[in-house]
Every structure is written in structure tokens, then in C-alpha cells.
1. So for the pair Gln229, Leu74, with labels modelled 7 Å out along Cα→Cβ, what separation do we get in nm?
2. Could you compute the FRET efficiency for Val186 and Phe149, with r as their C-beta to C-beta distance and R0 at 25 Å, rounded to 0.05?
3. Give the Debye-formula value of log10 I(q)/I(0) at each listed q (0.11 Å⁻¹), with one equal scatterer per alpha carbon of the range 255-334, two decimals each.
4. Which residue, chosen from Pro301, Ala261, Gln229, occupies the Cα position most advanced towards the positive end of the dipole of the range 216-323, where the dipole is computed from +1 (Lys, Arg) and -1 (Asp, Glu) charges on Cβ about the Cα centre?
5. On each of the three principal axes of the Cα atoms of the range 196-309, give max minus min coordinate, whole Å, ordered largest first.
6. On a full-extension model of 0.36 nm per residue, what is the gain between Thr221 and Val171, subtracting their alpha-carbon distance, rounded to one decimal in nm?
7. Can you give me the % of accessible surface on the range 169-307 that is carbon or sulfur? Probe 1.4 Å, all protein chains present, nothing else counted.
8. Read phi for every residue in the range 103-114 and hand back ³J(HN,Hα) as whole Hz from Karplus 6.51 cos²θ - 1.76 cosθ + 1.60, θ = phi - 60°, with x for Gly and Pro.
Amino acid sequence: MPEQPYEPERAIAGTGMGGAMDLAASEASTLEQQSSDASGGPPGGRKGAGPADRPRSLWSDAWRDLRRNPVFLLSALVILCLALISLWPGAITTGSPLTCDLAKAQDGSGPGAPFGYDGQGCNVYTRTVYGARTSVTVGLCATLGVAVFGSVLGGLAGYFGGVWDAVLSRVTDIFFAIPVVLGGLVLLSVVTSNTVWPVIGFMVLLGWPQISRIARGSVITAKHHDYVQAARALGASDARIMLRHIAPNAVAPVIVVATIALGTYIALEATLSYLGVGLKPPSVSWGIDISAASPYIRNAPHALLWPAGALAITVLAFIMLGDAVRDALDPKLR
């Protein structure tokens, strides 16, 4: 009898239960291949790495949470409006904050003056709008200076430790012991300049210890992580380790505190201007307007309430923004 040619399919089918199972597996593989081809995926049903499969970072997760946080959206909208008003105050008011008419002193709202007039006959609406530029400028510059100066000192102390860390800690304790308002009364009382820079310099001088402490703690925590030890074992320099590995992972607490402190610096500038040692006339500031309107608050409360309300809303917006950023960047609060 002649020998039949070998056919793999017939041989498998004739093996009984085992062959049937092999056929079922083959059919399942074929169906999976067809399903994969229909969906546009690679052979074998394994899809490529899409956007959803990419590894997520702390910053991407934080941004996703912030976009869903109504507190962040509301505070960001208020801050955006303040930024636009500060950059282009002439877009919403045509008058000058220094133009006054004593004949209209303490008058209520009228055409072109929805907030009324103060004790000198100045347009309260115009002065409130232009006062936003001064407050935002002082707050941003002071926060930037404090964040940079404090982060550098605290980061170096936390990374190198030793004598440098001990000396900086004692210096920080000395600055913490100085009352901020009292220090402003003493230091700024001898300044005759009408610009914002003496006030900003004073805030940086007394504000850096808080950021320095936070940056120091973050760097000390980050430098003991495995990726830092691996970079050091591979021969990376101290500067590279600090800038490429430690700083991106230790900057989150500094950003949170700096955002909240920005509102605090705006309130501090208004306080110092109210006491007469911050900005001085003819500068336009909410603190100056509140101080000038205080003696006649019973006769013309609008002259005090509008700049005070603008100051309160601004400080509240930055504090709310800082709280939202803190909640988004702190993994323990997820």
C-alpha cells in the first residue's frame, strides 16, 4: 500500500481530544489576529503605547487635578483679570489717578466715577484700578526674589550640610525673631525713595528664611533617594545632581509656599503704606488710599471700602490659588 503524504492539519484533526483543543487554540489565535487587524493594532493583538499608556508624572497629575478644581479656576480667573488690569489700566479707565477736584471731595458715584470721589476729590475708581499695578508688581517681584534667594541658600545648606548648614540655620533663627511690621517701621522709616524697590528689598530681606527652611528640608529628603545615589555612583558632579535630579523633585513645596506668600506680600505692602513707611504719595497704592480715607469713613465710606475690597479679593485669590496648588502637588492628599 503506497504511503500517504503527511498533512499536518489531518494529523492534528485525527488525534482526538488533543487535536480538537489544538484546533480551538488555532481558531482563537486567528480570531484574535483578525480583531487586531480590524482595530488597527499590531499583530498578536498587542496595541502600541498610546497617550493613555505613557507614564504619568507628578506635574501632569497635578495639572489634571487643577483643571477639575473649581477653587483653582475661580482664583486663576481673578488673578488673570488683575494681571490684565495691571498691564493695561487705560483699557478700563480713561482718567488719571493724580487728577483731583476739591469741589467733588467725598461725593458719591457719578458719571465717569462709579466708585465716587475721595477726600481730595480724586476718582476712587481710577485710583483703585491703578493701585492694582503697584500691588501686583510688589507682590510678584518680592515673591520672585524671596523664592530664588531662599531656595538657593536652603538648597545648598541641605545638600552640603556640615558647617554651612549650621551657620545658615542660626542666621535663619535670627531673622525669624524679627517682627515683620516692626522691622518695616524701623528700616523703611529712613528711606526717602518713592519707588517700590525699597519695599521689595525689605520683603526679600525678611522673607527668605521661610523659603530657605522649606527648600532645605526638601533637598535633604530628595538627596537620599535611589536615583540621586545612582547619579553620584555614575560620577555626576554636584552641580548636575542639584540641577538635574534634586531641584525638579524638591521645587514643589517652594512653589506652594511662594504662591500663598504672594498674597501675604501684597497685604504687607498695603499695611506698610497705611502706616506711612511703605509707598508714599504721589505713588498710587491701595494702602495709601485706605489710610487717606480712614479719617472720614463715616462721611464717605465708599472711599475706603472699594480699595479695601480690591485688596481683600486679591489676597484671597492668591491664597486660594496656593491652597489648590498645594492639594494638587501633595500626593498624601490624593
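The values are calculated or read from the model by the stated rules, or taken from the named source; none is laboratory data. Note that the coordinates shown come from a computational prediction; the quantities given were computed from them, not determined experimentally. With ideal geometry, Cβ positions are generated from the backbone for all residues, glycine too; neighbour counts draw on all protein chains shown. Areas reflect the complete protein model, heavy atoms only, side chains present, ligands, DNA and RNA absent. Shrake-Rupley method; radii C 1.70, N 1.55, O 1.52, S 1.80 Å.
1. 4.6 nm
2. Computed FRET efficiency for Val186 and Phe149: 0.75.
3. Summing over Cα pairs of the range 255-334 leads to -0.38.
4. Of the listed residues, the answer is Gln229.
5. 73, 23, 17
6. Between Thr221 and Val171, full extension yields an extra 15.8 nm.
7. 67 percent
8. Ordered by residue, 3J(HN,Hα) equals 5, 9, 4, 6, 6, x, 5, x, x, x, 9, x Hz.
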